[in-house]
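Written below as C-alpha cells is the structure these notes are about.
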Amino acid sequence: MEEFMEWYEAVYPQMYRVAYYYMRNQQEAEDAVSDAVLTAYEKRHQLKDKDKFRSWMMTILVNRCKKRMRKWFRREEDIDDISLAEEKKLIKEVDFAMTSAVKQAFFQLEEEDRLIVGLSVFGGYKGEEIAKILGKNHSTVRSRYRRALQKMKKELEV
C-alpha cells in the first residue's frame, strides 16, 4: 500500500494536468484521476514491471477520461459550461486573451491529436511513451504531434 501511494504521489501532478486539459473541467478531472487511481489500486497485482507504473497509470487515466466523455455525449449536456467561480479565476489570468486562444486552438484538435499533445506538453511524455500508451506506432504519434502543433500555430496566427 505504501509503495503504491509513493508512486501515485509522484505522478499525481501530471495525471491531474492531463485530465484537466482533456476534460476541461476541474471536478471532472479530479473525478477521472480518482477513478483511475481506484482502478489501478484494485489491479495493482497486474503490473509486472514497476518501472512502467507511470505509463500504466496514464493509460488507465486516458481510458477513464474517454469513458467519462462518452457519458457526457450520451446525456447531451453542454460540456463547455463553466461555473461562475471558474470564470472569475480565468479572468484573473495575466494574459487571458493568449491563454484563451491557445486553449481554443488546443480544443479544436481532433480527440487523439489533443491527447497526444496533452500527454507530451502537460504530461511530459516522450513520443515513444505516448505510442505505447495509445498502442500506436511511434512514427505515427510523432507525425500527428507535429501536424497538431502546426494546426494550432496556424489557428493562432489568424
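Just name the residue that is most open to solvent (accessible area, probe 1.4 Å) out of those in the stretch 1-33 that are part of a helix (DSSP H, G or I), charged (D, E, K, R) and out of contact with any Phe, Trp or Tyr (no Cβ under 6 Å at 6 or more places or on another chain).
Once the filter is applied, the top-ranked residue is GLU2.
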Fill in: Residue among LYS52, LYS48 that is more than 30 Å from GLN108 (Cα to Cα) and not in a helix (DSSP H, G or I)
LYS48
Fill in: Sole exception among (1) under 19 Å from the mean Cα position of the chain (by Cα); (2) at pLDDT 85 or above; (3) farther than 23 Å from LYS126 by Cβ; (4) of a type outside the set (Val, Ile, Thr) for ARG24, by number
(2)
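Answer with yes or no whether THR39 is within 13 Å of the chain's Cα centre (by Cα), modelled with pLDDT of 85 or more, of a type in the set (Val, Ile, Thr) and in a helix (DSSP H, G or I).
no
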Discussion item. Filter the stretch 133-149 down to the residues that are more than 18 Å from VAL62 (Cα to Cα) and surrounded by 21 or more Cβ atoms within 10 Å (Cβ to Cβ) and list them by number.
Written reply: ALA148
Item to complete: Could you please give the count of residues in the stretch 108-132 that are assigned to a helix (DSSP H, G or I), open to solvent by 20 Å² or more (accessible area, probe 1.4 Å) and modelled with pLDDT of 85 or more?
Response: 8
Worksheet item: Quick one: would you say GLU155 is in contact (Cβ under 8 Å) with a residue 24 or more places away in the chain, among the acidic types (Asp, Glu) and within 18 Å of ILE60 (Cα to Cα)?
Response: no
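The values are calculated or read from the model by the stated rules, or taken from the named source; none is laboratory data. The structure displayed is predicted, hence computed values, not measured ones. Cβ sites come from the backbone with ideal geometry, for glycine too, and all protein chains shown count toward neighbours. SASA here: full protein model, heavy atoms, side chains in, ligands and nucleic acids out. Shrake-Rupley method; radii C 1.70, N 1.55, O 1.52, S 1.80 Å.
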